[in-house]
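S.K.: Before we start, here is the structure in question, set down as structure tokens.
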Amino acid sequence: MDDESRARSRNEHGQYVGRISLDAVLDVFAERDDVARPLTATDVMEALDCSRRTAHNKLNELEERGDLATRKVGARSRVFWVPMPARGESTSGRAADSTDPTSPSETGASGEADGPDDSDALDHPPAVSSAIERADLPGSGPMLDARREALSAAYQYLTDHPEAKKADFLRDVYHDYPAGFESAEGWWNAIQPALKQLPGVDPPEERGHIWHFLGG
């Protein structure tokens, strides 16, 4: 880990505070015992002791500028790796310095899945991400971040399953994203009013009926 990562202080929740640099994220890839293994957002989150949202944002930024490559594994998981240029091809930046001997096609299937998605919040269009950030959810700080992540996962679930009932969300989303709620009912009472306001969502007129995703 670089000096910047070690020097950062922790908050009352034990998480590092202060801005995590992109180089710190790249160092996580450079310090792998197995340089051929792609990493997930969970790997980066644990290595830097940061929130899942922060890990996703940094990984996406690195992918956009070409330092990392990414692909989905399964329905709702994503892996990242340092791309290696084809033989005889020259590149610039940190990606060219990597000794990672694998190609995207070789690494995608072997990477560890992130579990419940992780990448869903990042795959949303800007309007949806903005709506999730503005959503009226209880809590503050890390707890509010967790509840926004739960809302994001619920929205992603609806986009993957355009006709879903309350029981489906509780079965397939709540248990992976409890967000500090002790009961599924309490979780739903907080999440569903915000979910109704997100783009493309057609909520049921009556309790217990089917939620639809209209696309967009």
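S.K.: Suppose accessible area is computed on protein heavy atoms with a 1.4 Å probe; arrange R53, R78 from highest to lowest.
M.R.: R53, R78
S.K.: What order do L214, L151 take when sorted by accessible area (1.4 Å probe), most exposed first?
M.R.: Putting L214, L151 in descending order of accessible area: L214, L151.
S.K.: Figure the gain on full extension for D176 and H209 (residue separation times 0.36 nm, minus the Cα-Cα span) and round it to one decimal in nm.
M.R.: So the chain would gain 9.6 nm between D176 and H209.
S.K.: With the full set of protein chains in place, find how many percent of the accessible area of segment 148-216 is carbon and sulfur; take the probe as 1.4 Å.
M.R.: Taking all protein chains in place, segment 148-216 shows 46 percent carbon and sulfur surface.
S.K.: On a straight-distance basis, which lysines could pair with K165 in a cross-link, Cα separation under 20 angstrom, same-chain partners fewer than 8 positions away excluded?
M.R.: Within the straight-line limit of under 20 Å, K165 reaches these lysines: K196.
S.K.: How do T159, T40 stack up against each other in accessible area, from largest to smallest, with a 1.4 angstrom probe?
M.R.: T159, T40
S.K.: Applying a 10 Å radius around every beta-carbon, put 197-206, 164-173 in order of their mean neighbour count, most first.
M.R.: Top of the packing list down: 164-173, 197-206.
The values are calculated or read from the model by the stated rules, or taken from the named source; none is laboratory data. A quick note: this is a predicted structure, and the numbers were derived from the prediction, not measured. We place every Cβ from the backbone using ideal geometry, glycine too, and count neighbours over all the protein chains shown. The area values use the complete protein model at the heavy-atom level, side chains included, leaving out ligands, DNA and RNA. Shrake-Rupley method; radii C 1.70, N 1.55, O 1.52, S 1.80 Å.
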